[in-house]
Amino acid sequence: MIDSQQALLSQMTFEEKISLLAGADFWTTVPNERLGIPALKMSDGPNGVRGGEFGMGPSAACLPVGIALGSTWHLDLIEAIGGLLADEATTKGASAVLGPTINIHRSTLNGRNFECYSEDPYLASQLTVSYIKGLQAKGIAACPKHFVCNDSEFERYTMNSVVDERALREIYLPPFKAAVQEAGTWMIMSGYNKLNGTWCSENPRLLREILRDEWNFDGVVVSDWFGSYSSAIGAGGLDLEMPGPARWAASLAGEVQEGRLDEAFIDEKVRHLLQLLERTGKFTSPNIPEERADNRLEHQHILRQAATEAVVLLKHDTDVLPLNPEIQKSIAVIGASARWPGIMGGGSAIVPAHYVVTPLQALQEALEDKAEIHYEVGTNNHRMLPLIDLNNLTTVAGEQGFELSYYNAQEPLGEAAATVLSDRPMMSFIGSVHPAVNDPNAYALRVKSTYTADESGVHQFSLTSSSLARLKIDGQVLIDNWTDHTTGVNLFDMEAGEKIAAISLEAGQCVALEVECAVNGPLLMNIIRLGCLPPMPEDPIASAVEAAKQADVALVFVGTNHEWETEGQDQANMELPGQQNDLVEAVAAANSNTVVVLNTGS
């Protein structure tokens, strides 16, 4: 392996070496056709391999999030999940998975706690080793992140983590050390933050003295996306700047030519990258296949086991559980989380899941013809209106979802460049849009479907967009975020604006739903989010209490979702959103057989 790397390195021009040190685009490295050096594709992430499209690609297996996996304490299961992720990476054409996330829970308010395993460095270390072994045994590189002390989302691009040596060694470094010395990880991702005054991505003590010299790490150090800040990455120890095209890596040429950086540093980085390509089999299988969905039954069994073992029983001092439909003939299911559960946190960990089974659906299926189930929302826990339910949407072709048309124009007029079916009520485009779109910074969209109301009453619709957009119902503009575009909602570091409007619909009534959108300038991410809240009771908590009084047992589902717990921002406090505490107290007072299910990420 070393001989083949040296042979390639000896044939490379200086410019070719430099070209390998930054990505070609958002997810892939730069190939070299002259020397037969292939590109390597990476993908998020910790709880599912999403692929190259941020929100519009094929569906993927959705794992329980990191904190849930940490709650299993099951090393063999985590290793099996690593193998599952390797299978999923193959279906997305990826040779490296950007995970696991192994930062430490040091504050309960960290918006990204859901993605990490634990506040305990030993437990996090052991789970990390199992995950990496399961993944790399199938030839897919693991990339544990974020090295190191990237433990807050507030000011994450500028914050300075001031940590003394003992805390660094005993708390923050152990999971990464185990990843290197016990699991043999092939990659590591640097953090956005500074450590004791120096950016992690260009920190020689961190990346050279500790990682290389002390731990003998021989893999690739990759920046977090846009997490490189100056040309000091050259001597600092970073190998690969992502995403491409290069911002700072190109300046390394000048540093070498001016004698401020030894070319040996460049050669070392190139060797690390060539070795990664060998380890992942890219020289023998250089092609990157098209992404596809592969919803395997054996994967479903692993995911169900992981979700089951992640459940923690906090208190049980009665005989209410387990549920017994022979005794408990009527069950009140209460709470927004029963109908709109949080299955993952927000940000780069999000995947378009193959399927979602809500607690309400699961109970209805499991107890069909055995017990009577009555559902009440009780109170909302949404930050934005819940995503519109695909079961209420039908395209012209009779499919569930939307008809999405792309236009190479400033408005969605004339002939569409392409039209596809979509099942995504939240559409997000980052790095690419559609092959038919000529300019990712200048295009328009039209999203069409027919909405059928399940019940009579006031329906609230919402439109959230980072670009110009408007929502029409039966041809009339209901929400205008085009002529009067607003911001104020943080969606994964993107400023978007949610606008809400209400209309009255009768049960069974069908209306034409249409969203028009235009991008007329650079955007990190174009987000279009369509929400809908069906009619609510006049007094939701009172209705829930009445249902609880009539039932043998009341199941109250409360919690958060990916809009409250997300990459890009920390939580303001540890309170359950809205009136959920009041709901629990009222239902428990109405029925002594009350079970409270917490659906949270931290």
Pick out, from the stretch 271-382, the helices (runs of 4 or more DSSP H) lying fully within it that include 3 or more residues that are surrounded by fewer than 18 Cβ atoms within 10 Å (Cβ to Cβ) and not hydroxyl-bearing (S, T, Y). 297-310, 359-366
Conditions (1) within 23 Å of the chain's Cα centre (by Cα); (2) of a type outside the set (D, E); (3) assigned to a loop (DSSP other than H, G, I, E, B); number of the one not met by L530: (3)
Any chance you could count how many residues in the stretch 1-20 are part of a loop (DSSP other than H, G, I, E, B) and surrounded by 21 or more Cβ atoms within 10 Å (Cβ to Cβ)? 1
So W73 clears everything in (1) more than 21 Å from S190 (Cα to Cα); (2) open to solvent by less than 10 Å² (accessible area, probe 1.4 Å) except one condition, right? Which one? (2)
Exactly one condition in (1) modelled with pLDDT under 95; (2) touching a Pro at 6+ places or on another chain (Cβ under 7 Å); (3) of a type in the set (G, A, S) is false for A179; which is it? (1)
Those residues that are part of a loop (DSSP other than H, G, I, E, B) and among the hydrophobic types (A, V, I, L, M, F, W, C), I need them from the stretch 400-430; list them, please. A409, L413, A416, A417, I430
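What residue, of G57, G23, G45, is modelled with pLDDT under 95 and buried (at least 23 other Cβ atoms within 10 Å of the Cβ)?
Values: G57 fails: buried (at least 23 other Cβ atoms within 10 Å of the Cβ); G23 fails: modelled with pLDDT under 95.
Matching residue, one of G57, G23, G45: G45.
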Look through the stretch 517-563, keep the residues that are among the charged types (D, E, K, R) and open to solvent by 10 Å² or more (accessible area, probe 1.4 Å), and return whichever of them is nearest to M574 (Cα to Cα). E563
Output for Cβ contacts, cut-off 6 Å, separation at least six or different chains, first residue modelled with pLDDT under 95 in the stretch 552-565, second in a strand (DSSP E or B), reads H562/G346
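Here is a check on your reading of the model: is P245 surrounded by fewer than 19 Cβ atoms within 10 Å (Cβ to Cβ), under 31 Å from the mean Cα position of the chain (by Cα), in contact (Cβ under 8 Å) with a residue 12 or more places away in the chain and under 25 Å from S10 (Cα atoms)?
Details: surrounded by fewer than 19 Cβ atoms within 10 Å (Cβ to Cβ): yes; under 31 Å from the mean Cα position of the chain (by Cα): yes; in contact (Cβ under 8 Å) with a residue 12 or more places away in the chain: yes; under 25 Å from S10 (Cα atoms): yes.
It is true that P245 is surrounded by fewer than 19 Cβ atoms within 10 Å (Cβ to Cβ), under 31 Å from the mean Cα position of the chain (by Cα), in contact (Cβ under 8 Å) with a residue 12 or more places away in the chain and under 25 Å from S10 (Cα atoms).
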Pairs where the first residue, in the stretch 409-432, is at positive phi and the second is at pLDDT 90 or above, C-beta under 6 Å, 6+ apart: G431/F26
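In the stretch 108-123, what residues are under 14 Å from H74 (Cβ atoms) and crowded, with 21+ Cβ neighbours inside 10 Å? Write out each step before concluding.
Within the stretch 108-123, the first condition is being under 14 Å from H74 (Cβ atoms), and the residues that meet it are 117-118, 123.
If the condition is that a residue be under 14 Å from H74 (Cβ atoms) and crowded, with 21+ Cβ neighbours inside 10 Å, then Y117, S118 are the ones that fit.
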Out of (1) open to solvent by 50 Å² or more (accessible area, probe 1.4 Å); (2) under 19 Å from the mean Cα position of the chain (by Cα); (3) closer than 18 Å to I67 by Cβ, what's the single condition that is false for H146? (1)
For the stretch 496-506, does any single residue satisfy the condition of being touching a helix residue (DSSP H, G or I) at 6+ places or on another chain (Cβ under 9 Å) and part of a strand (DSSP E or B)? no
Can you list residue pairs whose Cβ atoms sit under 9 Å apart, with the first residue in the stretch 154-170 being surrounded by 13 or more Cβ atoms within 10 Å (Cβ to Cβ) and the second being of a type in the set (A, V, I, L, M) and assigned to a loop (DSSP other than H, G, I, E, B)? Count only pairs 6 or more apart in sequence or on different chains. F154/L109; S161/V148; V163/V148; L168/V148
Please determine, by comparing only the residues of the stretch 455-473 that are under 31 Å from the mean Cα position of the chain (by Cα) and not in a strand (DSSP E or B), which one is nearest to P537 (Cα to Cα). S466
Among the residues of the stretch 427-447, the number that are modelled with pLDDT under 90 and of a type in the set (A, V, I, L, M) is 3
Selection from the stretch 80-99 of residues that are under 20 Å from F54 (Cβ atoms) and buried (at least 24 other Cβ atoms within 10 Å of the Cβ): L85, E88, A89, K92, A94, S95, A96, V97, L98, G99
Report the residue count in the stretch 228-238 for those that are surrounded by fewer than 24 Cβ atoms within 10 Å (Cβ to Cβ) and in contact with a strand residue (DSSP E or B) (Cβ under 7 Å, 6 or more places away or on another chain). 1
Residue under question is L385, and the condition is that it be crowded, with 17+ Cβ neighbours inside 10 Å, at pLDDT 95 or above and not small (G, A, S); does it hold? no
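The values are calculated or read from the model by the stated rules, or taken from the named source; none is laboratory data. All values derive from a computational prediction rather than experimental measurement. Glycine also receives a Cβ, built like all others from the backbone with ideal geometry; neighbour counts cover every protein chain displayed. Only protein heavy atoms, including side chains, enter the accessible area calculation; ligands, DNA and RNA are left aside. Shrake-Rupley method; radii C 1.70, N 1.55, O 1.52, S 1.80 Å.
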